[in-house]
1. Using +1 on the beta carbon of Lys and Arg, -1 on that of Asp and Glu, and nothing else charged, what's the dipole of the chain about the Cα centre, debye to 20?
2. Work out from phi, with θ = phi - 60° and the Karplus expression 6.51 cos²θ - 1.76 cosθ + 1.60, the ³J(HN,Hα) of each residue of region 279-284, listed in order in whole Hz, and give x for Gly and Pro.
3. Helix 243-252 against the longest principal axis of the chain: what's the angle in degrees, Cα atoms only, rounded to the nearest 10?
4. Could you give the length gained by full extension between D301 and S67, i.e. 0.36 nm per residue of separation minus their alpha carbon distance, to one decimal place?
5. Could you give P(r) for the chain, binned at 10 Å from zero, as whole percent values over all Cα-Cα pairs?
6. Put one equal scatterer on each alpha carbon of region 35-204, apply the Debye formula with no solvent term, and list log10 I(q)/I(0) at q = 0.16, 0.20 1/Å to two decimals.
7. Multiply the residue gap between T274 and D117 by 0.36 nm, knock off their C-alpha separation, and tell me the result in nm, one decimal place.
8. Provide L107, L55 in ascending order of the number of other Cβ atoms located within 10 Å of each residue's Cβ, fewest first.
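Computed from the coordinates by the stated procedures, all read-outs in this text should not be read as laboratory data. None of these values were measured; they are calculated from a predicted model. Positions of Cβ are backbone-derived with ideal geometry, glycine not excepted, and every protein chain shown enters the neighbour counts.
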Amino acid sequence: MSDTTRDAVRLRWPAVSARRLERSALAAPSPHLDPAGIVGALCGAHAQVLSAAELSIGMRGEGLTRSVVRKALWDEAGLIKMYGPRGTVHLLPAADLPMWVGALSALPSSPSPFTKDVRMTPEQTEEVVAAIGAALRDAELTIDELSEAVIAATGPWAGDLVMPAFQGMWPRWRQAITLASHRGQLCFGPNRGRKVTYTHPQHLTGDDPMEGTAALARLVERYLHAYGPATPQNFARWLNVSPRWATELFDSLAGALQRVDLEGTAAWVNAGDTGTPGEPPRGVRLLPYFDAYVVACQPRDRLYPGAMAKRALTPSGQAGNYPVLLVDGVVSGVWHQRRSGRRLAVTVEPRTELTAAQRAELDEQVERLAFVLEGTAELTIGTVGVGPHA
């Protein structure tokens with residue numbers, strides 16, 4: 001894909017920032033979107049820490065508490081919890097599941113991180129994925145119950161305790177659990193007491209996946225609508241695929257994409273989608289761990305200027321490990337909340353002096369946070385001593 005920017009529409013960073021905030025329901029909370037609508041607009045909500053996903057969703061809507069989000073997830077099946085982009089746990093809209101499964105199952109396979117004596121052969125992997133799907137159809141199983149079913153269906157080799165995990169070892173078959181989710185054979189079910197359960201997505205939705213090429217095209221369209229202008233390299237980082245593969249994908253969609261000039265850098269939007277808001281980005285926002293906005297938005301140096309890169313990014317440049325304070329579309333601090341019963345102790349560490357109006361907005365954000373998390377909050381302006389989330 002050519003990098004020339006001659007004759008391309010020219011966009012400035014403040015206008016792009018305002019556009020992304022608006023489309024991510026961060027310019028103002030959306031009164032029209034339900035939890036599934038918000039998650040769809042974000043291209044998924046990272047849910048390794050489920051309370052953070054609840055906060056990501058609730059802060060963007062009106063009247064959306066964590067109970068409302070949980071009801072959409074566990075009772076109404078409007079949301080699905082599964083392994084999504086980058087192989088991490090996400091909430092995804094049930095209505096979008098055909099696109100997600102079609103796209104994720106069409107991604108190029110990554111090299112196995114396991115040694116030869118641990119990893120499975122391609123044939124064994126297919127056996128395990130099929131066994132997972134068969135065991136979970138019309139069932140909700142704990143990991144131990146699922147393990148018994150998979151080993152019974154495939155053979156003792158699947159149960160060999162060869163995968164280092166935390167303080168113990170996991171059975172061999174578990175290295176295929178993310179692939180099974182990407183193939184549409186596994187998602188999370190409601191907890192059984194303190195135990196996680198898994199079930200089959202079709203048990204909840206009944207929908208078949210889209211064809212891979214069409215699904216990838218739609219995913220690129222959704223991503224660029226939310227986070228464009230963007231480059232194939234930005235998309236590759238967001239999805240954890242090779243930049244070369246992402247470039248080839250963008251090339252294949254050339255007729256549906258339009259090149260723009262983002263302050264001297266060639267980037268892409270959906271064809272004809274070059275509009276931006278008339279006003280610069282404004283507002284104070286509290287974003288939780290691994291919020292979709294900070295994970296997806298590039299370039300990082302624009303979103304995390306100066307010293308904020310060192311304070312709120314990992315050494316490798318990964319975003320999301322700290323909850324962040326967003327001021328006028330730019331990361332301007334970090335924050336942390338500690339819960340005790342219904343009481344929330346919120347500490348915010350701004351890296352810039354807040355105006356009186358911005359401090360008032362911060363107070364409003366803390367009130368919204370307490371509403372979403374169904375508690376009462378007390379704000380302290382000070383140093384956050386908690387380190388990054390792993």
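1. The dipole magnitude comes to about 920 debye.
2. 10, x, x, 9, x, 10
3. 80
4. Additional length available on full extension: 80.6 nm.
5. Answer for the chain: a P(r) of 5, 22, 30, 26, 14, 3, 0 percent.
6. Results for region 35-204 at q = 0.16, 0.20 Å⁻¹ read -0.95, -1.34.
7. Going from the current span to full extension adds 51.4 nm.
8. Least to most surrounded, the residues fall as L107, L55.
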